[in-house]
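A short worksheet on the structure shown next.
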Amino acid sequence: MTDSQDVPRTPEGAAVTDMPSLVRDLAVAVDGSPASLEGLRLAAEIARRTAARITVVHVRHAPALEEVGAEAGGVSLEETLAGVEQAARQYAMEVLDEASANWRFVVRSGSPGREIIQAARELEVDLIIVGSKPHSTLHNLVLGSTAQYLVAHSPVRVLVAR
């Protein structure tokens, strides 16, 4: 038996082994919300420790009312969606470049849960990371959440960041 003092350790004290990583490719859903940005930071940390490749999945999604053409304050829906996408891309660049991560940014349109799962299948990722904030029971009953949808329907593991 090997003395635990002889086992190499990370700065946090976790044992380092020669086992292959369980995560080689991961997807992280980013919509620009604080919860999704927490998921992005977690993805960066996992990639730093495992050398996993990160795919940032941004889904352009508008509430049904806006999809029929409603505009707010003279800013079109397309301009709003483009602005949210650009902000998400910029934040991903800042966080992931700082972590020296191997990453790409993928944009989809439609229902967030379905699009994230479809992207995960197409890209053959090992793990999906999604940020989530607690919602009221009424909100979850009426609307559900992307995190709940992913946990229920994903073909791969889902890590919910809070």
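Throughout, read-outs are computed from the coordinates displayed, never taken from laboratory work. The model shown is predicted, which means the values in this text are computed figures rather than measured ones. Note that each Cβ is placed from the backbone with ideal geometry, even for glycine, and that neighbours are counted across all protein chains shown.
Structure data summary
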| item | result |
| --- | --- |
| Listed peptides 149-160, 75-86 by packing density, highest first (mean Cβ within 10 Å) | 149-160, 75-86 |
| Residue-count net charge about Arg24 - beta-carbon cut-off 11 Å; Lys, Arg +1, Asp, Glu -1 | -2 |
| For Arg48, net neighbour charge (Lys/Arg +1, Asp/Glu -1) across residues whose Cβ lies under 12 Å away | -1 |
| Relative packing of 37-44, 105-112, which averages over residues the other C-beta atoms within 10 Å, highest first | 37-44, 105-112 |
| Extension gain, Ala62 back to Ala82 (0.36 nm per residue minus Cα-Cα distance, nm) | 6.0 nm |
